[in-house]
Amino acid sequence: MYHTDRRYAELVDVPKRGVDVRIAATPGEAAGAIADAEILYAWKFPPQLYARAGRLAWLQVMGAGVDWALVPELPPGVVITRAPGVFGPWMAEYVIGWCSWVTQRVEEYRQAQRQRRWLDHVLPDRLAGKTMAIVGLGDIGRDIARVARGLGMRVLGVSRRGRPVREAARMYKVGGMARAMAQADFVVLLLPLTTETRGIVGADQLGAMKPTAWLVNIARGAVVNEAALLDVLEHRRIAGAVLDVFDNEPLPPHHPLWRMDNVVVTPHISGPSTPDAIAPVFNDNLSRFLAGRPLRHVVDRRQGY
Ligand code: OXD
């Protein structure tokens, strides 16, 4: 187990015999343990240590994204598994919370309160009737879509194959991303970061958005072309952006995104990993692994998610 929170290890259902759990919280500790490990339960394992992982057969990722795990150093035979079902509910509340922050005009009323102004000529707006485009609509996106639809929003989705899903009124393939984004009041980015998706949201896609629309990025900073994003924000070609992820994290103090008043910066917290939530997923797969049965939630290493 590689994490600073020992509770991940405490919640592992260790069978009475045959499994030895080693806990590493630093690269130095991991270096001493990885050579013997067949199973790795980890968050951001140091890639340079995979060269020593000669016995490794299975990596369970603690987290939503697997881009840090899919590095060239990872031995080819290692099966990677994800933890679906854990992050969607958190991210749905994050997305709806910030969409409501926009429509409920939270900033304006708080500002008026500071000035003791009774702002009754300004009304909040409704989420009902608004359109949300979810770019990268997989299991997390479906959780978000369900909540958005429950509030009366129209949901459009973009995915690799554009296959219809119950939660979205219409699905688009990646080539139709700009068309989906052009209709949206809120564009939510949820794409996995792969060689194909790096920088995929660029000037054409952002330029297609309505001037009143908001971008919510809870995917990876690098799926967006940052220069194009800064340009549309600076020139107010879109209303603003709620950003939880960045090319460089922590966002460097001098970065222009910090000072833009149409940007909300949150520190990569939209879908936190907690030991209690991930333990059932890991324990289920652990019993399968020990029984020689196929693992669940296996990542397609060629597709990158
Ligand atoms: C992630 C996470 O993968 O926070 O980004 O889990």
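Coordinate-derived values only; no laboratory data. Note that the structure is a prediction, hence the values are computed from the model and not measured. Note that each Cβ is placed from the backbone with ideal geometry, even for glycine, and that neighbours are counted across all protein chains shown.
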- Give, in nm to one decimal, the length gained when the segment between Asp120 and Glu107 is fully stretched (0.36 nm per residue of separation minus the Cα-Cα distance). 3.2 nm
- Percentage of interatomic Cα-Cα distances in region 88-265 larger than 20 Å: 51 percent
- Message: I need the phi-derived Karplus couplings for region 275-292: 6.51 cos²θ - 1.76 cosθ + 1.60, θ = phi - 60°, integer Hz, Gly and Pro marked x.
- Response: x, 5, 6, 8, 3, x, 5, 5, 5, 4, 5, 4, 5, 5, 4, 5, 8, x
- Can you give the relative contact order of region 172-293 as a percent, counting alpha carbon pairs under 8 Å and 6+ residues apart? 20 percent
- Message: Given 25 °C and 0.890 mPa s, compute D for the chain with the Stokes-Einstein relation, Rh being the Kirkwood radius over Cα pairs; round to the nearest whole µm²/s.
- Response: 117 µm²/s
- Note on the structure: the chain: relative contact order from alpha carbon pairs under 8 Å, six or more residues apart, as a whole percent, is 16 percent
- Query: Taking the alpha carbon gyration tensor of region 248-305, what are the square roots of 5 times its eigenvalues, largest first, to the nearest whole Å?
  - Reply: 38, 15, 9
- Item | Within region 112-195, chymotrypsin sites (Phe, Trp or Tyr not before Pro) in DSSP loop having at most 13 other beta-carbon neighbours inside 10 Å | Trp118
- Query: Can you list the HN-Hα couplings for region 187-204, worked out from phi with the Karplus curve (6.51, -1.76, 1.60; θ = phi - 60°), rounded to whole Hz and with x for Gly and Pro?
  - Reply: 10, 10, 9, 9, 5, x, 8, 9, 4, 6, 9, 4, x, 5, 8, x, 4, 5
- Item | Euclidean distance of C-alpha centroids, region 30-61 and region 182-215, integer Å | 35 Å
- Message: Rounded to two decimals, what is the ratio between the C-alpha radius of gyration of region 70-148 and 2.2 N^0.38 Å?
- Response: 1.70
- Task: Note down the nm distance, to one decimal, between modelled labels 7 Å out along Cα→Cβ at Asp284 and at Arg237.
- Result: 4.4 nm
- Note on the structure: Over region 175-219, the quotient of the Cα radius of gyration and 2.2 N^0.38 Å is 1.09
- If you add up the charges near Gln111, with Lys and Arg at +1 and Asp and Glu at -1, over every other residue whose beta carbon is less than 10 angstrom from its beta carbon, what do you get? +2
- region 233-305: relative contact order in percent, alpha carbon pairs under 8 Å with at least 6 residues between: 25 percent
- Task: Apply 1/(1 + (r/R0)^6) to the Cβ-Cβ distance of His268 and Arg17, taking R0 = 41 Å, and write down the FRET efficiency to the nearest 0.05.
- Result: 0.55
- Query: Could you list log10 I(q)/I(0) for region 1-130 at q = 0.14 Å⁻¹, which the Debye formula gives when each Cα is one point scatterer?
  - Reply: -0.70
- Item | Ordering of 148-157, 135-144, 108-117, 23-32 by burial proxy (mean other Cβ atoms within 10 Å per residue, highest first) | 135-144, 148-157, 23-32, 108-117
- How large is the helix-only mean residue ellipticity at 222 nm for the chain, computed as the sum of -39500 (n - 2.57) over DSSP H runs with n ≥ 4, divided by its residue count, in deg cm²/dmol to the nearest 500? -8000 deg cm²/dmol
- Query: Taking K and R as +1 and D and E as -1, what net charge do the other residues with C-beta under 12 Å from the C-beta of Val155 add up to?
  - Reply: +4
- Cα-based shape type of region 100-200, given that a ≥ b ≥ c are square roots of the gyration tensor eigenvalues and the cut on a/c is 1.5: prolate
- One would report the Cα pair-distance distribution of region 145-206, bin width 10 Å, in %, as 21, 55, 22, 1
